[in-house]
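Beneath this line is the structure, given in structure tokens, with notes to follow.
The values are calculated or read from the model by the stated rules, or taken from the named source; none is laboratory data. Keep in mind that what you see is a predicted model, and the values were worked out from it rather than measured. Please note: Cβ atoms are built from the backbone with ideal geometry, for glycine as well, and neighbour counts cover all protein chains shown. To get the accessible areas, we keep the full protein, side chains included, count just its heavy atoms, and leave off ligands, DNA and RNA. Shrake-Rupley method; radii C 1.70, N 1.55, O 1.52, S 1.80 Å.
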Amino acid sequence: MLHCMTSEPEQQLGVGTQDAFQRLWTPHRMAYIQGENKPSGPGAGDGCPFCSIPAKSDEDGLVVRRGEQVYAVLNLYPYNGGHLMTVPYRHVADYTDLTAGETAELGELTKQAMTALRTASGAHGFNIGMNQGSVAGAGIAAHLHQHIVPRWGGDTNFMPVVGHTRVLPQLLADTRKMLAEAWPTA
């Protein structure tokens, strides 16, 4: 047992070998692992969640800001608290297929998202980007979306590296409300 631990391991009757690890159960991740809400095909009518989110209320869809051609939404499976995505309303897969207006608004909402995250949570930095195509890691390749992931000094600790677990200190609904209130007024 590690000498820095303050408690004894819990008894694990019938569930494996006793060890010194604590367990953080994240059953909500199973939906992501099993591909729940993933589109059944490449078309807008094939169950694309990015096409259905705009029809929901901001609270139900976790929408933080709506623009004319692009909206900002919290990621259901965030890398960090406050992980947002900017998404065109139009079902389009490739960045080169965006109109000039969509490209401009995607960039503007990304800038506003950074400002809101700095105001609301004191983010120290950001990872910003998009995965184009499933071979590049796009979870939903048929509908373009750009990730805005806030970062803080020391946020890459042992949990994601060793434990393959992310610890998120706030519920998504609370994060959505906080960011919507901190969003700049253009």
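Listing for the model above:
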{"item": "Complete set of residues in the stretch 65-83 that are closer than 20 Å to S121 by Cα, open to solvent by 10 Å² or more (accessible area, probe 1.4 Å) and either aromatic (F, W, Y) or at pLDDT 95 or above (or both)", "result": "R65, Y77, Y79"}
{"item": "Among residues of the stretch 104-129, those that are open to solvent by 50 Å² or more (accessible area, probe 1.4 Å), β-branched (V, I, T) and part of a helix (DSSP H, G or I), counted", "result": "2"}
{"item": "Some residue of the stretch 84-103 being touching a Leu at 6+ places or on another chain (Cβ under 6 Å), assigned to a helix (DSSP H, G or I), open to solvent by less than 60 Å² (accessible area, probe 1.4 Å) and at pLDDT 95 or above", "result": "no"}
{"item": "Of the criteria (1) at pLDDT 95 or above; (2) open to solvent by 20 Å² or more (accessible area, probe 1.4 Å); (3) touching a strand residue (DSSP E or B) at 6+ places or on another chain (Cβ under 6 Å), which one R176 fails", "result": "(1)"}
{"item": "Among the candidates A142, A182, residue that is modelled with pLDDT under 95, touching an Asp or Glu at 6+ places or on another chain (Cβ under 9 Å) and within 20 Å of G61 (Cα to Cα)", "result": "A142"}
